[in-house]
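This structure is in structure tokens; I'll ask about it shortly.
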Amino acid sequence: KTGMFTYDPGFTSTASCDSGLTFIDGEEGVLLHRGYPIGQLAENSSFMEVSYLLLNGELPSKDELDTFEFTITRHTMLHDQLRQFYQGFRRDAHPMAIMCGVVGALSAFYHDSTDISDPEHRKISSHRLIAKMPTIAAMAYKYAIGQPFMQPDNRLSYTGNFLRMTFGVPAEEYEVVPAVEKALDRIFILHADHEQNASTSTVRLAGSSGANPFACIAAGIACLWGPAHGGANEAALNMLHEIGTPDKIPEYIARAKNKDDPFRLMGFGHRVYKNYDPRATVMQKTVREVFDALNVSDPVFEVALQLEEMALNDDYFVEKKLFPNVDFYSGVILSAIGFPTEMFTALFALARTVGWVAQWNEMISDPGQRIGRPRQLYTGPEKRDYVPIAQR
Ligand code: SDX
């Protein structure tokens, strides 16, 4: 049920919860956020507006959006002692290792917003998490390349601010390229929320015990890191580079079909979508826009297009209903903008934070909410008596 109408997706699911944020019909390739199709939001909205929609349930008026953006902007700075936290990492630490650590550490700094029974605390911690993720991610990148951290510039948009903190340097003005800002903002929209995926379910389970929101989001980041989940965008681009040229594609398709080979086509397939992931459609279109805006091209895009074409005409992928997912093209765009592959999943975490936070708020504010406690099918030994070691 999605409120206004009953949408029978034709499948029985082991539903883990009720939620009104996001609806997916995997068979039809439908994705709605609070009833709005992802394609329309990607085309017409902004990441801040979609964030407001996910958190509040309705699209904002101009004043509501301005107030929301003003509030988020004022939370973008990090406590100065957290800069020292970065010094403890090796320079070659994966950005997701840093994100897990630093976001978890926020619990130690913002005691005035960790009382989850207080709606005001929940609101402030939600805004802090959404606002600080770009700063934390940009600082992870700067630390890795040995450049000084850039402080947020509140005159810029949410996404423009992130681009400047990532690619700007103190020595000179940083010019935000509007087409790049728009493309990245759209990529954030495409990653904002996605029903009860593994990392969102992790956040909900952690939150159900009453853990503070910063710790819950750190748990979600850890789960997202896996290559079967958010780590797939990094793995997909690495795979496309490894394939290198279109003539090598048949070899990799054969490997992906071989049950004895653990290789999977990264960025392909989905636990829920058995049709084209609507986000991948928008992503492919955005590749072309960014290439035109930056006047660049990348042979890896041609490999991706031909790989998609060959896979979608191969019986194995057709029968198993394996289509490109959100991670298949995203790396091509992020690479063209200038991000290194190891930053891709950190960007996914940056964008998904609003979905995690909105889902956490939905759960926590439900008066009937109880601690999550999954059960199991026991497959171990029957009951038996202890045997002293001398008799073993
Ligand atoms: C994300 O849940 C979400 O919503 C996640 C996400 C979000 O926004 O939060 O959408 C983001 O995580 C997208 C997925 C990113 N991961 C990848 O691209 C990694 C590559 N994909 C596969 O690892 C796989 O498709 C999964 C993990 C995504 C799904 O795994 P499932 O549930 O096992 O897939 P399935 O049940 O549909 O598989 C059916 C068959 C299986 O073979 P059989 O057991 O039937 O013989 O297809 C095979 C799978 O082995 N298969 C693949 C394949 N994906 C599934 N074979 C080759 N290449 C692939 N990519």
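From the residues Leu41, Ala219, Ile145, which one has its Cα farthest along the dipole of the chain in the positive direction, the dipole being from +1 and -1 charges on Cβ of Lys/Arg and Asp/Glu about the Cα centre?
So the residue furthest toward the plus end is Ala219.
Considering only Phe291, Phe188, Phe328, give the residue with the highest GNM mean-square fluctuation for the chain, with springs between Cα atoms whenever their separation is below 10 Å.
So, out of Phe291, Phe188, Phe328, the one fluctuating most is Phe291.
Pairs of lysines 8 or more apart, or on different chains, with alpha carbons under 24 Å: count those in the chain, would you?
Summing the qualifying lysine pairs gives 23.
Cut-off 14 Å, label point 7 angstrom out along Cα-to-Cβ of Gln369: give me the residues of region 211-229 whose amide nitrogen falls inside.
Once the point is set 7 Å along Cα→Cβ of Gln369, 211-217 turn out to lie under 14 Å by backbone N, inside region 211-229.
Among residues other than Tyr174 whose Cβ falls under 15 Å from its Cβ, what is the net charge (Lys/Arg +1, Asp/Glu -1)?
The answer is -2.
About the Cα centre of region 62-168, how large is the charge dipole given +1 on each Lys and Arg Cβ and -1 on each Asp and Glu Cβ? Please answer in debye to the nearest 20.
480
If the elastic network links every pair of Cα atoms under 10 Å, which of His194, His94, His79 fluctuates the most in the Gaussian network model of the chain?
His79
Same structure, new question: Which percent of the accessible area of the chain is formed by carbon and sulfur heavy atoms (probe 1.4 angstrom)?
52
I've got another one for you. For region 20-61, I need the span (max minus min coordinate) of the C-alpha atoms along each principal axis, in Å, sorted largest to smallest.
The Cα atoms of region 20-61 stretch 33, 22, 12 Å along their principal axes.
Something else about it: May I have the pair-distance distribution P(r) for the chain, computed from all Cα-Cα distances with 20 Å bins from 0 and rounded to whole percent?
It works out to 27, 56, 15, 2, in whole percents.
Placing unit charges on C-beta atoms (Lys and Arg positive, Asp and Glu negative, everything else neutral), compute the dipole magnitude of the chain about its Cα centre in debye, rounded to 20.
The calculation lands at about 1340 debye.
Next up: Any idea what the dipole of region 169-232 comes to, in debye rounded to 20, about its Cα centre with Lys/Arg Cβ at +1 and Asp/Glu Cβ at -1?
420
To one decimal place, what Kirkwood hydrodynamic radius in Å is obtained for region 321-386 from all pairs of distinct Cα atoms?
16.7
Working out 0.36 nm times the residue gap between Gln84 and Lys321, then minus their Cα-Cα distance, what length gain in nm do you get to one decimal?
Full extension from Gln84 to Lys321 adds 80.5 nm.
So what are region 70-170's ellipsoid semi-axes, whole angstrom, largest first, if each one is the square root of 5 times an eigenvalue of the alpha-carbon gyration tensor?
So the equivalent ellipsoid measures 23, 17, 9 Å along its semi-axes.
I'm a student and want to see the number: the projected area of the Cα convex hull of region 280-342, averaged over all directions, in nm².
Projected area, direction-averaged: 4.5 nm².
Restricting everything to alpha-carbon atoms, can you work out Rg to Rh for region 31-84 with a Kirkwood hydrodynamic radius?
Answer for region 31-84: 1.13.
Kindly report the accessible area of the chain per residue (heavy atoms of protein chains, probe 1.4 Å, no ligands, DNA or RNA), in Å².
48
Next up: On the first, second and third principal axes, largest extent first, how far apart are the outermost C-alpha atoms of region 181-328 in Å?
Principal-axis extents of region 181-328 (Cα, largest first): 53, 43, 25 Å.
Does region 103-160 classify as rounded, prolate or oblate by the C-alpha gyration tensor (a ≥ b ≥ c root eigenvalues; a/c under 1.5 gives rounded; else a/b over b/c gives prolate, otherwise oblate)?
Because a/c hits 1.5 or more and a/b fails to exceed b/c, region 103-160 counts as oblate.
Which value, in Å² and to the nearest 10, is the accessible area of Leu312 when all protein chains are kept and the probe is 1.4 Å?
Counting only protein heavy atoms, Leu312 exposes about 50 Å² to solvent.
What spacing in nm lies between the two simple spin-label points modelled at Glu382 and Asp261, each 7 Å away from Cα in the Cβ direction?
In this crude label model, Glu382 to Asp261 measures out at 4.6 nm.
Let me ask something additional. How much of the pair distance distribution for region 27-122 lies past 24 Å, counting alpha-carbon pairs only, in percent?
Roughly 47 percent, rounded to a whole number.
While we're looking at this one, here's another question. Expressed as a rounded percentage, what relative contact order does the chain have, with Cα pairs under 8 Å and six or more residues apart?
22
The values are calculated or read from the model by the stated rules, or taken from the named source; none is laboratory data. All of these numbers come straight from a predicted model, not from anything done at the bench. FYI the Cβ positions are ideal-geometry reconstructions off the backbone, even for glycines, and counts take in every protein chain you see. The protein model used for the area step is the full one, side chains on, heavy atoms only, and it has no ligands, DNA or RNA in it. Shrake-Rupley method; radii C 1.70, N 1.55, O 1.52, S 1.80 Å.
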